Amino acid sequence: MAMPFLSLRGITKSFSGVQALKNVDFDIEDGEIHCLAGENGCGKSTLVKIIAGAYQPDPGGSIAFSGTSLRHVSAIGAIHHGVGVIYQDLSLFPTLTVAENIAMSQLIAQGKSLVRKRRIHDLATRAVERIGIKLPLDELLGNLSMADQQLVAICRAFTSEVKLLIMDEPTTALTRREVDALFRVILDLKRRGTATLFISHKLDEVFEIAERVTILRDGEKIGTYQPAELDDASLSQLMTGMSPTYEAVEPPDPAGVPLLEIEGLSLPGNFRDISLWLLPGEVLGITGLLGSGRTELALALFGLNPASAGRILRDGRPVRIRSVRDAMGHGIAYVPENRLLQGLVLHQSVAKNLLLTVLRRLRTRFGFTDPERQREQVRQWIEEFKIKVPSPDARIETLSGGNQQRVVLAKWIALGPKVLILDNPTVGIDIAAKSSIHTIIRNLAGLGMGIIIISDEVNELVHTCNRVAVMAKGRMGPVFSGAGVSIQAIARAVAGNHGEMAG
Amino acid sequence: MNTPMSPSPRIKPESEYRDVLALAGILLFTFLVMWALNPVRFLAVNNIKSMAFQLPELGFLSLAMMVTMVTGGINLSIIATANLAGIAAALAMKAAEAGGAGTFGVVAVALLAALAVSALIGLVNGFLVAFVEVSPILATLGMMTLVNGISILVTKGYVISEFPEGFRFVGNGQFLGLPVPILLFAAAALAMGLLLSRTAFGFELYMVGTNPTATRFAGVNNRKILMKTYLLSGVLCGLAAIIMISRFNSAKSDYGASYLLVTVLAAVLGGTSVFGGFGKVLGLILALVTLQLLSSGLNLLQANAFLTRALWGLVLILVMVINHMSESRRAGARS
Amino acid sequence: MKRLFRKSETYLLLVILVFSGVITCVNPSFFSLENLFDLLKSYSFLGILAVGLLVVLISGGIDMSFAAVATVAEYLTALAVMRWHGSIFMAFLIASLIGILLGVGNALLIYRFKIPTVIATIATMNVFYGILIMATGGKWIYALPENFGTFANLRLFTLVGQGGSQYGLSIITVIWLGVILLTAFILRHTITGRGIYAMGGCNADPGPAERAGFNVFRIHLFIYSYMGLLAGVAGVVQALLVQTVAPNSIVGKELNVIAAVILGGAGIAGGTGSVTGTVLGVALLAILGNGLTLMKIPSYWYDILIGGVILVSVTLNALQARKKRSKVIEIEEPAA
């Protein structure tokens, strides 16, 4: 029995009193493709940083590479042992060439002060060959696609011998085709003897490529499994420790006038010929891979990305939506995917964020803002939405993810919209907060609001929506509804679509 | 200065609103020190009067600078705008006089000319920043050069002077015992304070300065807000111009070159964040008064004008350093 | 060939050629060798400063204090040389050291206290300049030592023009050329230089650069002390060119230098810009200035022209940047 390439025993790590990792044992075999899964805050990144030598574990644990136990691992030490890490933000330089991005760290580590083009080219070419791909070495990095930039990041790691490549959520910004290409590279690396450890929360990818999955929860290792032993539900259950209890979804009144109808909506390069309808009190889910056009469609309904052809009808009447104000005027609200950048003004207070959309309604006769009414409203919303905050003047950045999302929801619901579009509303939120947001959604639907949820988690959609539509490559695919909708069927539609949709 | 794409880690809010109390304390301290250094002359009526007359034009210019800083930008063209506006007003007055207009007419014409020119410059700045999305530093730097050039072209380097009696009242007269400029500035400061703190426009201004992406997603018309901001900045420069040329009884193309630094200093000292999103008019005023006290005191001590300039630079650096230290202390306590 | 047309330097060159053509039509003496060498000499001052500022802009910052630094260096150097009967070499040495020292001051404020570059350098500009004038009274220095005069007239080779006047490639131009080559080398072939481009492309976030192993502090030190060094050199060049030291002559000309660098393609955001572009930018300014004189257009049109050219240039740049950004999503075109 060969020694595992990497062996961690009893790893514990605390940060000012908070235990990020508790007594974790962890192995990676030579050439293995291993996935590290878990909810936000479970300790995945901490573990990775310890392996990479960026953090030191608390005394008592041990790290061994191929059987050789080490007192402690520094960043340089990790590199010497063949560990290469690619963080989520890639840390590349858009204004340097691809070759320079690949070779620069190596040159700096060698203590060079001069840069010879030949040398950079050689280093870069060798790294690229090690991966077995082709890249335009003299192009400025900023001109490359995200997927290619990721490949450059991988090449950069490969300027030294890499026996273990660690990737943190590598597929977040990639389309299906690009994910396939990345997985081919990972498999190829395996053939050449390099193991891959990747952090992911995308269940379907985990199942597709991982040989083993290690699940962490609250800093503890729950277990290491073969993907065949798991399915969506059990994986989710292990990650969160709970079986999510979903209440039954109320069917909407089929006789009502649709709140929203879309006919043949198109925008070149974004989506084509989209038709759907949404009844009062209905929750419609839209899923599909990145690049399927879901968010682009949502933004078209919200006025940020107006369609060039087709009709939108609100309560049966055609409307023009060419700006956010138009959309708001027609009772359409959108809770964005990127909460921190698009949904909240981080450095301002909770109160100010809540007031942003309805400010103009809370004014005195002369057009001045009314601090009294503002304070009262803010207090009401904080109470109604159970936003946990010491004071309304606390800065948003001090709130937890779940509370922040509540602020965003409150901000939009305050406007009294008829159609609420939520784009990946529960990403990065712990399980308890997730279910409270589901409760809010259910209550809103009960009040007659029409809700569209865009999400990657098919499991979540199946349990919260009346119908689930699948989009692929800018087109609307099958819409699943009724009792007994199976997650597998939807997942298959999402994954298989790129083959079936042609013609 | 606002990065368009991501909430850059550098957009750190300074101490939210520079504690008004702390500012008042600094003001008091400065007052006492200056008084101590000039026991007799500092409190003399003459000195107070001269301070009261000097402050307003700087005040208008500082407001013009502050309002753009709140949106995360900057207006480097304020001095040039004021100068050209002043020149326009001067020329208009000469023409009006020649045409036989009465006092009222002359002042009105001057005001119209100054406001028209400064508003136009403000609109161009606003257009460049809001619609073309040029960085405010570059847009206002370019405008500064262009406007300066126009001033030089129009005046050929000469000074336009000798304005009618009625007009000179604006900058030198007194009303109810108070200097007219102070009254004008007080009115403007009050209006600006209300605008920033009690209107939807003001509210949105602060939010746009902090995160324009989020405001866009919330239905705020960022472009309109930015246009209005730079327009407002321009108009304030025009008002400054009227007071300036009235006080100096002349208009030329290169007054107030050293004012640019002082306006930035007054804004920053008064709690306006250079990254945008924060700042109060009251803070600005306290800072201005403090700087004015400092300036007068140094003047009475016969200090070199250049020493004063160097001092302004040092004070600005000091304020920024203190801001940084207090912010990093707060960030450390948070994590 | 297509690549050539994507570069902004190409367009700049075209504009220069067009302007040159127009001016030559109006006044053929523009295109004489004598005039061109003369321009090269007199614009060396601007040119040296522009190259230094380029380095700062590539890093994503801006320096408003270089004129003040040049003035301080020029003045103190003149005093020193006059007192100690120094050589030209000594003059350059002293000026460089003063420039580097002041530049380090800038670097510390910007790096250690994270003061935005525009604010920090506006402040230091006033500090440097204010202290200088206060200490010296702002007096002009007329009596520069003889070696200044002789040195300024040195040429690499001399030609005789119509009317018997002598002209040629001035040593001052050679100094500028040296600065150009040195800077180009540093920017393209040293780790520090590549680090400057790397930092500049990261939107003021030093994180990626630090993680890659760059010594961000040292790079900051280099950027601002190099600007200071070149400002010092430029100060001496100015003294050589006009044979007097007038403390108020440089401060106020910052905009011309900034204009040249911006025109040359360096953006305010950082990460872009080249020495070639900057030289072309200086050339454009030189041609505009010279053209106005030769075409007998009054000099007060100069600022208007420069301002206009800056605005057009930044507008075009901004529009181009917007087009690049609006490629929001890379969608595979839907089948059928």
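The values are calculated or read from the model by the stated rules, or taken from the named source; none is laboratory data. Not measured: the values here are computed from a predicted model. Counting neighbours? That spans all protein chains shown, and the Cβs are built from the backbone with ideal geometry, glycine included.
Below is a table of values for the structure above.
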{"quantity": "Residue list for region B:193-224, restricted to those being buried (at least 23 other Cβ atoms within 10 Å of the Cβ) and more than 8 Å from chain A (Cβ to nearest Cβ)", "calculated": "B:Leu205, B:Val208, B:Gly209"}
{"quantity": "Given (1) part of a helix (DSSP H, G or I); (2) without any contact (Cβ under 8 Å) to a residue 24 or more places away in the chain; (3) out of contact with any helix residue (DSSP H, G or I) (no Cβ under 7 Å at 6 or more places or on another chain), number of the condition A:Arg126 does not satisfy", "calculated": "(2)"}
{"quantity": "Per-region count, region C:159-176, residues without any contact (Cβ under 8 Å) to a residue 12 or more places away in the chain and touching a strand residue (DSSP E or B) at 6+ places or on another chain (Cβ under 9 Å)", "calculated": "2"}
{"quantity": "Region A:307-351 - residue that is of a type outside the set (Ser, Thr, Tyr), more than 14 Å from chain B (Cβ to nearest Cβ) and not in a strand (DSSP E or B) and, of those, surrounded by the fewest Cβ atoms within 10 Å (Cβ to Cβ)", "calculated": "A:Gly316"}
{"quantity": "Region A:79-103 residues that are surrounded by fewer than 23 Cβ atoms within 10 Å (Cβ to Cβ), paired with ones that are among the charged types (D, E, K, R) and in a helix (DSSP H, G or I) (beta carbon under 6 Å, 6 or more apart)", "calculated": "A:Ser91/C:Arg211"}
{"quantity": "Residues of region C:193-216 that turn out to be closer than 20 Å to A:Gln110 by Cβ and more than 7 Å from every other protein chain (Cβ to nearest Cβ), as a count", "calculated": "7"}
{"quantity": "C:Thr150 being among the β-branched types (Val, Ile, Thr) and touching a residue at least 60 places away in the same chain (Cβ under 8 Å)", "calculated": "no"}
{"quantity": "Test set (1) in a loop (DSSP other than H, G, I, E, B); (2) over 19 Å from B:Gly209 (Cα atoms) - B:Leu239 fails condition number", "calculated": "(1)"}
{"quantity": "Single unsatisfied condition, C:Glu332 versus (1) under 27 Å from C:Leu53 (Cα atoms); (2) modelled with pLDDT under 85; (3) at the interface with another protein chain (Cβ under 7 Å from one of its Cβ atoms)", "calculated": "(1)"}
{"quantity": "Residue check, A:Glu383 acidic (Asp, Glu) and part of a loop (DSSP other than H, G, I, E, B)", "calculated": "no"}
{"quantity": "Entirely in region C:153-269, the helices (runs of 4 or more DSSP H) that have 1 or more residues that are at pLDDT 90 or above", "calculated": "C:171-189, C:191-200, C:216-242, C:254-263"}
{"quantity": "Segments classed as helices (runs of 4 or more DSSP H), wholly inside region B:120-231, with at least 2 members that are over 23 Å from B:Leu288 (Cα atoms) and among the charged types (D, E, K, R)", "calculated": "B:165-172"}
{"quantity": "In region A:104-122, residue nearest to the other protein chains (Cβ to nearest Cβ) [restricted to those that are aliphatic (A, V, I, L, M) and part of a helix (DSSP H, G or I)]", "calculated": "A:Ile108"}
{"quantity": "Any hit, region B:90-111, residues being closer than 18 Å to B:Lys280 by Cα and in a helix (DSSP H, G or I)", "calculated": "no"}
{"quantity": "Residue under evaluation A:Gly223, criteria (1) in contact (Cβ under 8 Å) with a residue 60 or more places away in the chain; (2) not in a helix (DSSP H, G or I), criterion not met", "calculated": "(1)"}
{"quantity": "Among (1) farther than 23 Å from B:Val33 by Cβ; (2) at pLDDT 85 or above, the one test that B:Val321 misses", "calculated": "(1)"}
{"quantity": "Among the candidates C:Ser44, C:Ser29, residue that is of a type outside the set (Phe, Trp, Tyr), within 25 Å of C:Val174 (Cβ to Cβ) and buried (at least 18 other Cβ atoms within 10 Å of the Cβ)", "calculated": "C:Ser44"}
{"quantity": "Enumeration of residues in region A:452-467 that are assigned to a strand (DSSP E or B) and more than 16 Å from A:Ala248 (Cβ to Cβ)", "calculated": "A:Ile452, A:Ile453, A:Ile454"}
{"quantity": "Some residue of region A:486-495 being at pLDDT below 90, part of a loop (DSSP other than H, G, I, E, B) and more than 20 Å from the chain's Cα centre (by Cα)", "calculated": "yes"}
{"quantity": "Unmet requirement for A:Leu135, which otherwise passes all of (1) more than 20 Å from C:Pro208 (Cα to Cα); (2) more than 28 Å from the chain's Cα centre (by Cα); (3) away from chain C (no Cβ under 11 Å)", "calculated": "(2)"}
{"quantity": "Residue, nearest to the other protein chains (Cβ to nearest Cβ), within region B:152-192, restricted to residues that are of a type in the set (Phe, Trp, Tyr) and surrounded by 15 or more Cβ atoms within 10 Å (Cβ to Cβ)", "calculated": "B:Phe185"}
{"quantity": "Meets criteria (touching a residue at least 60 places away in the same chain (Cβ under 8 Å) and either more than 14 Å from chain C (Cβ to nearest Cβ) or surrounded by fewer than 22 Cβ atoms within 10 Å (Cβ to Cβ) (or both)) for A:Ala469", "calculated": "yes"}
{"quantity": "Subset of region A:390-424 [closer than 19 Å to A:Glu337 by Cβ, part of a loop (DSSP other than H, G, I, E, B) and of a type in the set (S, T, N, Q)]", "calculated": "A:Ser400, A:Asn424"}
{"quantity": "Count of residues meeting criterion [among the small types (Gly, Ala, Ser) and part of a loop (DSSP other than H, G, I, E, B)] in region A:425-446", "calculated": "1"}
{"quantity": "Answer residue from region A:36-63, given it is in a strand (DSSP E or B) and buried (at least 22 other Cβ atoms within 10 Å of the Cβ) and is modelled with the highest pLDDT among those", "calculated": "A:Leu36"}
{"quantity": "Residue count for region C:106-148, restricted to those that are at positive phi and among the charged types (D, E, K, R)", "calculated": "1"}
{"quantity": "Test result for C:Thr183, more than 14 Å from chain A (Cβ to nearest Cβ), of a type in the set (Ser, Thr, Tyr) and more than 30 Å from A:Leu107 (Cα to Cα)", "calculated": "no"}
{"quantity": "Lone qualifier among A:Leu276, A:Leu284 - being closer than 26 Å to A:Leu203 by Cα, at pLDDT 90 or above, assigned to a strand (DSSP E or B) and hydrophobic (A, V, I, L, M, F, W, C)", "calculated": "A:Leu284"}
